[in-house]
Each structure stands twice: as C-alpha cells, then as structure tokens.
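So the structure is just underneath, and the comments pick up after that.
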Amino acid sequence: MTSSLIRGRPRHATGHIAVRVGHAVLGGMAGAVWLVLPVMTSVTQDPVPATGGRTVSAAQAADGASATDYVLPLVAVAAAGALGGYGYVRRTRRARSRTTPGLLSPAPPAPAGPADAERQARASLVLADDCVRTSREALGYVDGAASAERALRAAETELTAAFAIWRRYEEGVPEGDAGRRQALVGVVGRCSEAGRQLDAAAPGFDAEWDAGDALAAAEGRFRQLAGRTGGVAAALAGAGGRYGAAAVASVVGYVEQAKDRLVFATARLNQARQAADSGDGDGFRRGVRAAEGAVAQAGVLLGGVERLTEELRTAAGLVPAALTGAEAELAALRGTALPPRLAHADAVLAGVRGEVTGGPYDAVDALRRVVRAVEGTGGGRSGVISAGAELVARSAVGAADDFVGTHRAAVGAEARALLAAAGRAAPADADRLARRARELAERDVRAHGNPFAGEASHAHGSGVAGVVLGGVLLGEEGDGGPVVAFGGPESRGRWG
C-alpha cells in the first residue's frame with residue numbers, strides 16, 4: 001500500500017513512448033485501409049450508376065478515377081512514415097542528451113540515507129499527530145458520527161504504536177542498521193495507516209456535520225466560553241496570590257490567548273452567517289469550522305487554568321498528609337536504606353515544611369518533591385504518597401498536552417513522542433517525561449516565534465496568529481490560509 005503521508009513518485013517515460021508508437025501504427029493502418037479499398041471495389045462486377053443516366057462497370061470507374069483514388073492513401077502512408085521518423089529522431093536526441101543511462105526511463109532514485117529516513121519519520125509523526133488532534137476537536141461538535149469515531153480510535157491506536165517505535169528507536173533499539181531502517185519504515189507505515197483511517201472516514205463525517213446545526217452549536221459554545229473568561233481570570237489571580245507566581249507560571253497568558261481565539265471566532269462566525277444568507281455553502285463551512293477550531297482551543301486554554309487551580313488546591317490539602325506519610329516511611333527505612341539517601345530525603349522534607357509554614361508556595365511542586373524524596377529511598381508505597389504521585393503526574397501530562405495542542409504548528413516530533421510516552425508510563429516516569437516534553441515544546445515555540453510574546457498579540461488583533469500557531473489554519477499569510485477539518489493528510493484541507 002502506498003503511504004498517503006509520503007509524497008512524490010518516480011516519473012516513467014514508457015507511457016509517452018507507447019503513445020508515439022500507437023500514433024505511428026494508427027497512421028500505417030489508415031494508409032493500408034485506403035490502399036485496400038480500391039482493390040476491394042474493383043473485384044465487384046455490378047454496374048455503377050452514372051450521373052448521366054448510363055451505367056459503367058466498376059472496373060471502368062476505377063480506371064477513370066485512379067489518379068484521385070490513390071492520392072489520399074499515398075498521403076496517409078507518407079504521414080505515417082513522417083511521424084515514425086520524427087519520433088525516432090526525438091528519441092535519439094533525448095538518448096544522446098541524457099546524463100543517466102537508459103533510453104526508456106531515468107535511473108531509479110538513490111535510496112534515502114539514515115538522516116533522510118529520520119526526517120521523514122519525524123515529519124510523519126507530526127502530521128499524523130496533527131490530524132488526530134484536529135479530528136478529535138472536530139468530532140466534539142458532531143453527534144452520531146459513529147464511523148468517524150471508530151476511525152479516530154483506530155488512528156489513535158496506530159499513532160500510539162508509531163510513537164512507541166520511535167521512542168525505542170531514539171533509545172537505540174534495535175541496534176543493527178537493517179533493524180533501525182525497518183523501525184523507521186514502521187513509524188512511517190503506522191502514521192500512514194492512521195491518516196488513511198481518517199481520510200476514509202472524512203465523507204461520513206461531512207454528512208453528519210451537514211445534517212446538524214453546526215452554526216448554532218459553535219455559537220452556543222462560544223457564548224459559554226466568553227462568559228467563563230472573567231471567572232477564570234479571577235481564579236488565576238487568586239491562585240497566584242495564594243500559591244505564588246511560580247505555581248501558576250505554566251498558564252500565565254492562557255486567558256489572553258483564549259480571548260484572542262474567541263476574537264477570531266467572532267469574526268468567522270459573522271462570516272459564516274453572511275455566507276449562509278448568500279447561499280455560499282463553501283464559505284459557510286469554512287467560517288464555521290474555523291470558529292469551531294478556535295473555540296475548542298479557547299476551551300483548552302481556559303480549562304488548563306481551571307484544572308491547575310484545582311490541582312493546586314488539592315495538592316495543598318495533600319502536602320501535610322504526604323509529609324507525615326513520608327516521615328513514617330523513612331523511619332521504617334532507617335536501618336536498611338543508605339544514609340546519603342535518607343539524609344537527602346530528610347533535607348527535602350524539612351525544606352517543604354518550611355515552605356508550608358512560611359507563606360505562599362507551589363503546592364504541586366512541593367508534593368512532587370516529597371514524592372520523589374521518598375521514591376529515591378525505595379519507598380513510596382503508602383496510600384498518600386501514591387495519591388500524590390498520581391496527582392503530580394496527571395498535572396504534568398495535562399499541562400504538556402494543553403501546550404502542545406494549542407501550539408502544535410510549532411512543536412516537533414521529540415516533544416510529542418515524549419508526551420505520548422508519558423501517557424503510557426508509571427506516575428514517576430510520566431511526570432518526568434511530560435515535564436521534559438513541555439520544555440522541548442516551549443523551546444520549539446521560541447524557535448518558531450511566539451505571536452503572543454511582546455507586542456505581537458496587540459499588533460494582530462484579528463486573532464489569526466493564534467489560530468495559525470494552534471494549527472486551526474494552515475498558513476500565516478493573509479487570512480491565515482485554509483481551515484483544517486476532520487481527516488487525514490489527503491482530506492484535512494478539503495474545506496479550503
């Protein structure tokens with residue numbers, strides 16, 4: 001099966017040669033027919049009516065018209081010969097001017113080197129992940145699209161497998177050159193299958209989308225989110241005052257970015273209404289779908305702030321119990337664990353106790369340090385420590401996923417692969433992998449250019465820069481380019 005994520009095929013010249021040969025043969029056959037027709041006519045002995053009322057034999061008619069009957073056959077033969085000669089001369093000249101061997105087709109392309117294969121695998125992962133994320137967002141606006149939901153689940157399975165192969169590849173597994181090449185082929189193949197599943201389900205999704213009231217659904221969610229922004233901003237400010245600026249640093253600017261996307265959604269919803277009034281079905285689709293994507297990402301941004309404030313509150317309630325549970329576990333390990341590990345754990349717990357009693361502190365980070373201190377000694381089996389580890393991991397994975405999803409036009413394969421690995425890992429590893437994924441994603445965005453840094457957000461009041469960074473639109477010029485719809489690589493831009 002040819003991958004839908006791999007573009008470009010070798011061009012063959014055999015089709016053109018076959019056409020030329022066909023032309024020559026056709027010309028020859030036409031000439032032969034014209035030559036045979038007079039002979040076939042001359043064998044009949046039936047009289048041929050004459051215009052003057054008398055009759056003459058066929059042979060006499062043929063003899064009398066011989067000068068004209070053979071003109072066309074001779075011309076046809078000459079034309080066929082000229083065409084054949086012309087084709088031969090052209091083929092000869094082309095063969096002499098080629099720098100690659102062979103007369104019928106160019107030499108096959110050289111096999112891609114390891115660096116090219118790795119780049120192709122990375123690009124396939126990014127594209128497939130974008131398609132899955134976009135399709136998941138789009139499905140949130142459609143009810144009853146069972147086939148599209150099944151396709152999305154199948155695509156997610158393929159993508160998860162592709163990320164797992166890539167992760168092992170980065171860790172050096174397998175070791176041999178042949179095995180590593182095969183691993184990269186597996187990554188591309190899995191991503192291709194994910195895209196194929198989504199492409200196949202795109203027509204069914206369109207039918208369900210058209211059958212619903214997409215404009216009303218998008219406007220309803222827009223109004224609901226617009227009403228939440230004030231409360232979310234107040235909750236963020238309160239959390240910053242209670243737990244410190246460092247505790248909310250990961251979501252600083254999220255409310256402003258959400259507002260930016262809602263500004264864009266307002267403009268596109270207005271365009272969709274105008275398109276509906278004028279009977280412009282394509283314009284209606286583009287406007288509503290663009291608004292859907294912007295509203296969905298505004299919801300992710302606001303939801304990320306709300307989730308963090310709740311996690312801080314929950315973590316603050318767990319920290320005292322976690323400290324007590326950690327001290328109990330360390331006491332049980334005094335006679336077995338290495339003294340340096342216990343000394344380090346004691347220092348960490350003392351530092352956290354000082355922060356708790358000293359004023360505003362990052363409750364999630366404090367809980368993380370308590371959990372890691374106990375795990376470093378081989379402990380961490382108590383219920384409160386396990387609960388703390390799960391909360392910390394869930395917080396890190398959620399924060400990284402929100403950032404990647406709302407900045408995906410700039411985020412590369414490494415960050416996405418680490419995030420995918422975090423989703424499959426145990427809590428301790430999940431926290432570490434997700435935090436590293438977030439760091440790499442932020443690095444990618446800085447290298448790409450963040451439209452929300454400095455004065456950029458004020459300079460681009462239409463909100464286009466934000467939705468382009470978020471992958472809702474596929475370009476950065478003019479109005480932002482085509483809108484992205486449910487589907488794989490071949491169908492995601494079909495709504496233009």
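The values are calculated or read from the model by the stated rules, or taken from the named source; none is laboratory data. All values reported here derive from a predicted model rather than from experimental measurement. Cβ placement follows ideal geometry from the backbone for every residue including glycine, while neighbour counts extend to all protein chains displayed. Note: areas computed on protein heavy atoms with side chains; ligands, DNA, RNA excluded. Shrake-Rupley method; radii C 1.70, N 1.55, O 1.52, S 1.80 Å.
Backbone N atoms of segment 226-258 closer than 16 Å to the 7 Å Cα→Cβ label point of R307 belong to residues 248-252, 254-255, 258.
On the protein heavy atoms, probe 1.4 angstrom, tell me the percent of accessible surface of segment 128-171 carried by carbon and sulfur. Present the calculation step by step, with values, prior to reporting the outcome.
Working: 770 of 1730 Å².
Taking all protein chains in place, segment 128-171 shows 45 percent carbon and sulfur surface.
Going by accessible surface with a 1.4 Å probe and the largest first, E311, E175 read E175, E311. If you roll a 1.4 angstrom probe over the protein chains with everything in place, what fraction of the accessible area of segment 264-356 belongs to carbon and sulfur, to the nearest %? Summing carbon and sulfur atoms, their accessible area is 57 percent of the total for segment 264-356.
When the alpha carbon gyration tensor of segment 235-335 is reduced to an equivalent ellipsoid, its three semi-axes come out at 48, 14, 8 angstrom, largest first. Between S386 and A237, the contour length at 0.36 nm per residue exceeds the alpha carbon distance by 50.7 nm. For segment 287-383, the alpha-carbon radius of gyration amounts to 1.51 times the rule-of-thumb value 2.2 N^0.38 Å expected for a compact globular protein. Counting charges near V319 (Lys, Arg +1; Asp, Glu -1) among other residues having Cβ under 14 Å from its Cβ returns a value of +1.
Would you mind getting me the FRET efficiency between A216 and H448? Use the beta-carbon distance for r and R0 = 30 Å, nearest 0.05. Write out the running numbers ahead of the final one.
Working: r = 35 Å, r/R0 = 1.18.
Once rounded, the FRET efficiency stands at 0.25.
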